[in-house]
Amino acid sequence: MLESHVKRRSGKTEEIRKRQANIEPIQKARLIAEAALDKKGEDIVIMDMRAVSNLTDYFVISGAPSAKRVQAISEGIEEELFKKGVKHGHIEGKKEALWVLIDYGDVIAHVFYGETRDFYNIERLWHDAPKERLSPQCTSIKSKKT
């Protein structure tokens, strides 16, 4: 199943990039992280996937204590990036709101309901990827290799 997703994605990624505003992937990842923080996302992490995967350049992972908050965060991400001229290529899980995946081609946003995030533990799965955590006390990204 993962192999078919990777093959489908590789063609779609270029398609998505052509429709995007001219924003660097790291800038896009930070916009996503800040939009999640604005909607009270928790434990927000940007993972640099370039050296460990060919799926995407960055993952942005955010947690939420409820399904309603998952929906609010994912909608906030969509709205903020749309304002910047960035459109997602694909979105999954919005109805169930346990794990919403928003695919922007070179950046994939994951918004998890708390227990679902613990179960899938993407940070552990991709533990070799460098990480940056967004601090809720301030609006800047704090680099931290974990």
Q.
Could you check segment 32-42 and list, in sequence order, the residues that are buried (at least 16 other Cβ atoms within 10 Å of the Cβ) and over 10 Å from the mean Cα position of the chain (by Cα)?
A. E34, A35, L37, K39, G41, E42
Q | Residue identified as under 16 Å from R133 (Cβ atoms) and at pLDDT below 95 among E123, E34 | A | E123
Q: Could you please let me know if A21 is surrounded by fewer than 18 Cβ atoms within 10 Å (Cβ to Cβ), at pLDDT below 95 and under 19 Å from A129 (Cα atoms)?
A: no
(Q) Restricting to segment 79-115, name every residue that is acidic (D, E), farther than 11 Å from A36 by Cβ and free of Cβ contacts under 8 Å to residues at least 60 places away in the same chain. (A) E79, E92, E96, E115
Q. Of all residues in segment 53-63 being farther than 8 Å from I108 by Cα and surrounded by 14 or more Cβ atoms within 10 Å (Cβ to Cβ), which is nearest to the chain's Cα centre (by Cα)?
A. I61
Q) Give me the pairs: first residue in segment 126-145 and among the small types (G, A, S) and surrounded by 11 or more Cβ atoms within 10 Å (Cβ to Cβ), second residue assigned to a strand (DSSP E or B) and modelled with pLDDT of 50 or more, beta-carbon distance under 6 Å, and six or more apart or on different chains, which are they? A) A129/M47; A129/D48
Q. Any idea which of (1) among the acidic types (D, E); (2) modelled with pLDDT of 95 or more; (3) surrounded by fewer than 20 Cβ atoms within 10 Å (Cβ to Cβ) is the one D106 doesn't satisfy?
A. (3)
Q: Residue by residue through segment 78-97, note down the ones that are over 20 Å from I23 (Cβ atoms), surrounded by fewer than 18 Cβ atoms within 10 Å (Cβ to Cβ) and modelled with pLDDT of 95 or more.
A: E92
**Q.** Of all residues making up segment 96-118, the number that are assigned to a loop (DSSP other than H, G, I, E, B), out of contact with any Ser or Thr (no Cβ under 6 Å at 6 or more places or on another chain) and small (G, A, S)
**A.** 1
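The values are calculated or read from the model by the stated rules, or taken from the named source; none is laboratory data. What you see is a predicted model; the values in this text were computed from it and never measured. As a convention, Cβ positions derive from the backbone with ideal geometry for all residues, glycine included, and neighbour counts pool all protein chains shown.
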